[in-house]
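Undergrad: Take this structure first; my questions come after.
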Amino acid sequence: MTEQSLEARVSAYLSNRLGGDVRVDTLRRFPVGFSWATFGVDLVADPGVALPACSLILRMGADDGLYAPYSSKRQFQVLAALERSPMPTPRVYWHSDDRRLLGAPFFFCERSVGRAPLPSAGAPDDPVPEHRANLGSQFVAALAQLHQFDWRAAPELTDWEPGVTVDNTALHQVEVCVEDYRRWAMQPEPTVLWAANWLRRHAPKASRLCIVHGDYRIGNFLVQDGRITAMLDWESTHIGDPNEDLGWASLAQFNGGSGLVSRLLPEADFFRRYEERTGWQVDVDVVRYYGVMSMLKLALVNLAAAQRFQLSGTSDIRMAALATQSTSTLRQVQKLIEAVQ
Amino acid sequence: MNNSLERLLDGMVSTLDEHIIPNLQDDFARGQAFGVIYMLRCIRKRAAWSTGYLRAQVDALQAVSAELQPLLTGLPGVPAISANLSVSAEAGEADLEHARDEINRSVCAAYEGFEQHHCALPAAVVSEVREAWERYLTVQLKTELKFNVSLNFSEISTGQATAKAG
């Protein structure tokens with residue numbers, strides 16, 4: 001779909017939704033992300049139309065995207081619930097999975113200010129060197145706020161992960177990995193089979209369940225003047241063991257060669273501050289277990305990219321490039337398991 | 001895991017055609033991009049994965065299959081490694097690719113069957129199979145890594161060039 005036809009569809013959708021004439025002034029796709037497409041939308045509306053803001057973010061899960069087919073429902077639900085949390089998140093407005101509206105599942109949300117520093121260092125306007133300590137504190141604080149959010153009391157999340165308990169959450173996540181593997185692998189992958197069985201044999205019991213972001217790391221938050229203004233990319237969010245996010249954030253892939261968790265703070269400080277914020281003790285062995293699982297999930301993303309590029313006919317060459325990383329990621333899965341053993 | 005060579009070349013042609021050329025304003029640069037499309041189409045008619053790359057993968061699969069066969073044959077619930085393990089020294093790219101995929105499918109099915117039923121097997125067998133499998137993974141991954149090129153995620157995510165080494 002061209003951006004012009006998307007503009008027309010957005011105008012029609014919002015006019016209908018808000019009961020008055022709303023027109024797209026500009027619509028621009030941001031080059032970030034491999035999965036949900038992100039558009040900045042500037043709007044003009046007739047007086048009296050209750051637009052929440054003149055500039056919004058539109059996120060769309062296209063059918064040739066990395067994890068297609070998509071649904072906007074869970075991201076919308078969790079972001080709506082977290083509006084009652086102190087954690088910085090963008091406010092969400094509307095969503096639908098009806099492809100007749102904009103051509104793909106979508107949601108509209110607040111356009112938070114700031115830019116997203118990347119896992120790799122060296123960008124000219126990288127805010128991390130100047131604000132590292134401050135950002136590290138906020139990074140930990142926001143994670144603690146997320147994990148301490150009372151998700152059981154949130155009406156939006158009542159049907160999330162039914163049947164998942166502290167006893168079976170790790171195994172449940174292993175089976176999520178195996179389902180993804182069956183969906184995405186175009187041929188049997190020996191290291192994935194081995195790692196999945198290792199994870200099954202060593203699955204820990206969780207101390208508690210919480211909302212797990214699922215992709216908590218540098219690259220997925222916005223920074224403005226040294227302040228984290230919004231945590232983004234909630235598509236992998238689920239109910240699970242809080243140690244999952246600690247393991248994911250600590251992956252070497254996100255440290256930009258700095259040796260720091262998400263380029264922000266040493267791992268020991270990350271754990272200590274998290275303990276101080278939550279009052280919960282970090283079990284490093286369990287974090288290491290989830291580090292293995294996280295690396296496996298990254299490898300599965302590589303397999304998904306290979307499959308999308310091979311079968312969907314997408315001309316996004318980034319998918320093919322991402323697919324070439326599967327071997328090095330699987331090698332790291334193997335090394336992490338060997339280190340734990 | 002890799003995409004097929006044909007798909008990679010087709011994908012690069014589509015990327016240039018659909019995403020790059022329409023957004024290039026400079027006629028010389030557009031001409032260069034059309035030239036690259038032409039060259040990719042020429043290469044697609046002639047190119048194949050190198051037999052060295054495929055042969056190393058087949059060798060590793062043959063070795064682990066030979067190691068596992070005596071350990072797994074006849075075990076309850078474990079499918080036999082049924083693929084033909086002999087591959088001629090003169091085999092070309094197509095034969096090697098076929099053999100790799102067949103042996104991989106067969107040996108992975110046997111390993112999965114073993115893991116599903118390992119509780120019913122003697123501990124010594126379980127340990128021997130897992131050790132053989134882990135040795136194979138190391139060889140397989142290291143072999144494939146020899147053919148990898150490092151990827152600059154920042155460049156493809158942001159569209160901004162980073163400084164070139166050297």
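The values are calculated or read from the model by the stated rules, or taken from the named source; none is laboratory data. Note that the coordinates shown come from a computational prediction; the quantities given were computed from them, not determined experimentally. Cβ placement follows ideal geometry from the backbone for every residue including glycine, while neighbour counts extend to all protein chains displayed.
Undergrad: Please specify each residue of region B:1-28 satisfying the condition of being facing chain A (nearest Cβ under 7 Å), surrounded by 14 or more Cβ atoms within 10 Å (Cβ to Cβ) and within 13 Å of A:T314 (Cβ to Cβ).
TA: Residues satisfying the conditions are B:N3, B:R7, B:L8, B:G11, B:M12, B:S14, B:T15.
Undergrad: Scan B:S50, B:S150, B:S82 and give me the residue that is polar (S, T, N, Q), on the phi < 0 side of the Ramachandran plot, surrounded by fewer than 17 Cβ atoms within 10 Å (Cβ to Cβ) and under 13 Å from the mean Cα position of the chain (by Cα).
TA: The match here is B:S50.
Table: residues versus (1) free of Cβ contacts under 8 Å to residues at least 24 places away in the same chain; (2) in contact with a Leu (Cβ under 7 Å, 6 or more places away or on another chain); (3) more than 7 Å from chain A (Cβ to nearest Cβ).
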position: B:S88; (1), (2), (3): yes, no, yes
position: B:A91; (1), (2), (3): no, no, yes
position: B:L96; (1), (2), (3): no, yes, yes
position: B:E102; (1), (2), (3): yes, no, yes
position: B:E112; (1), (2), (3): yes, yes, no
position: B:E128; (1), (2), (3): no, yes, yes
position: B:Q140; (1), (2), (3): no, no, no
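Undergrad: Could you check region A:90-100 and list, in sequence order, the residues that are closer than 13 Å to A:A62 by Cα and in contact with a helix residue (DSSP H, G or I) (Cβ under 7 Å, 6 or more places away or on another chain)?
TA: Matches in region A:90-100: A:D97 only.
Undergrad: Do the conditions hold for A:A80, that is, is it touching a residue at least 12 places away in the same chain (Cβ under 8 Å), buried (at least 16 other Cβ atoms within 10 Å of the Cβ), outside any loop (DSSP other than H, G, I, E, B) and on the phi < 0 side of the Ramachandran plot?
TA: Considered against the rule, which asks whether it is touching a residue at least 12 places away in the same chain (Cβ under 8 Å), buried (at least 16 other Cβ atoms within 10 Å of the Cβ), outside any loop (DSSP other than H, G, I, E, B) and on the phi < 0 side of the Ramachandran plot, A:A80 comes out as yes.
Undergrad: A:V178 passes all but one of (1) assigned to a loop (DSSP other than H, G, I, E, B); (2) more than 9 Å from chain B (Cβ to nearest Cβ); which number fails?
TA: Among (1) assigned to a loop (DSSP other than H, G, I, E, B); (2) more than 9 Å from chain B (Cβ to nearest Cβ), the lone unmet condition for A:V178 is (1).
Undergrad: Then there is this: Taking region A:182-218 on its own, how many of its residues are farther than 30 Å from A:R152 by Cβ, small (G, A, S) and surrounded by fewer than 21 Cβ atoms within 10 Å (Cβ to Cβ)?
TA: Matching residues across region A:182-218 total 1.
Undergrad: Let me ask another. Considering only residues that are surrounded by fewer than 21 Cβ atoms within 10 Å (Cβ to Cβ) and more than 7 Å from chain B (Cβ to nearest Cβ), look in region A:303-328 and name the one that is farthest from A:Y67 (Cα to Cα).
TA: Filtering region A:303-328 for residues that are surrounded by fewer than 21 Cβ atoms within 10 Å (Cβ to Cβ) and more than 7 Å from chain B (Cβ to nearest Cβ), the one farthest from A:Y67 (Cα to Cα) comes out as A:G313.
Undergrad: Another question, then. Consider A:D126 carefully, then state whether it is buried (at least 16 other Cβ atoms within 10 Å of the Cβ), without any contact (Cβ under 8 Å) to a residue 40 or more places away in the chain and more than 14 Å from chain B (Cβ to nearest Cβ).
TA: No: the conditions fail for A:D126.
Undergrad: Can you report the number of residues in region A:255-309 which are part of a loop (DSSP other than H, G, I, E, B), among the polar types (S, T, N, Q) and more than 30 Å from A:R183 (Cα to Cα)?
TA: Qualifying residue count for the region: 2.
Undergrad: Further question on the same structure: Tell me which of these A:T165 doesn't satisfy, since it passes every other one: (1) over 12 Å from A:L300 (Cβ atoms); (2) not in a loop (DSSP other than H, G, I, E, B).
TA: (2)
Undergrad: Then there's this: Quick check on my filter: what residues within region A:98-122 are assigned to a loop (DSSP other than H, G, I, E, B) and either more than 14 Å from chain B (Cβ to nearest Cβ) or hydroxyl-bearing (S, T, Y) (or both)?
TA: A:D98, A:G103, A:A104, A:P105, A:R111, A:S112, A:V113, A:G114, A:S120
Undergrad: What number of residues in region A:19-40 are at pLDDT 90 or above and part of a strand (DSSP E or B)?
TA: Going through region A:19-40 one residue at a time, the tally reaches 11.
A quick yes/no check of all residues on (1) buried (at least 19 other Cβ atoms within 10 Å of the Cβ); (2) touching a Pro at 6+ places or on another chain (Cβ under 9 Å); (3) assigned to a helix (DSSP H, G or I):
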site: A:R17; (1), (2), (3): no, no, yes
site: A:D42; (1), (2), (3): no, no, no
site: A:P52; (1), (2), (3): no, no, no
site: A:I57; (1), (2), (3): yes, yes, no
site: A:L66; (1), (2), (3): yes, no, no
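Undergrad: Does region A:149-180 hold any residues that are more than 23 Å from A:A203 (Cα to Cα) and touching a strand residue (DSSP E or B) at 6+ places or on another chain (Cβ under 8 Å), and which are they?
TA: A:F149, A:W151, A:L157
Undergrad: Here is a check on your reading of the model: is B:A132 under 25 Å from A:V333 (Cβ atoms), more than 7 Å from chain A (Cβ to nearest Cβ), touching a helix residue (DSSP H, G or I) at 6+ places or on another chain (Cβ under 6 Å) and among the aliphatic types (A, V, I, L, M)?
TA: Taking the combined requirement at face value, the residue satisfies it.
One line per residue, one yes/no per condition, for (1) basic (K, R); (2) more than 18 Å from the chain's Cα centre (by Cα); (3) within 20 Å of A:A81 (Cα to Cα); (4) exposed (fewer than 14 other Cβ atoms within 10 Å of the Cβ):
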position: A:A121; (1), (2), (3), (4): no, yes, no, no
position: A:N134; (1), (2), (3), (4): no, yes, no, no
position: A:T165; (1), (2), (3), (4): no, yes, no, yes
position: A:A170; (1), (2), (3), (4): no, yes, no, no
position: A:D180; (1), (2), (3), (4): no, no, no, no
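Undergrad: Tell me the residue from A:G256, A:G240, A:G247 that is within 14 Å of another protein chain (Cβ to nearest Cβ), buried (at least 19 other Cβ atoms within 10 Å of the Cβ) and not polar (S, T, N, Q), please.
TA: Every option except A:G256 fails the conditions.
Undergrad: Moving to a separate point now. Contact list please: Cβ distance under 7 Å, first residue in region B:61-85 and touching a residue at least 60 places away in the same chain (Cβ under 8 Å), second residue buried (at least 16 other Cβ atoms within 10 Å of the Cβ) and small (G, A, S), pairs at least six apart or on different chains.
TA: From region B:61-85, the pairs are B:V64/B:A132; B:E67/B:A132; B:L68/B:A110; B:L68/B:A132.
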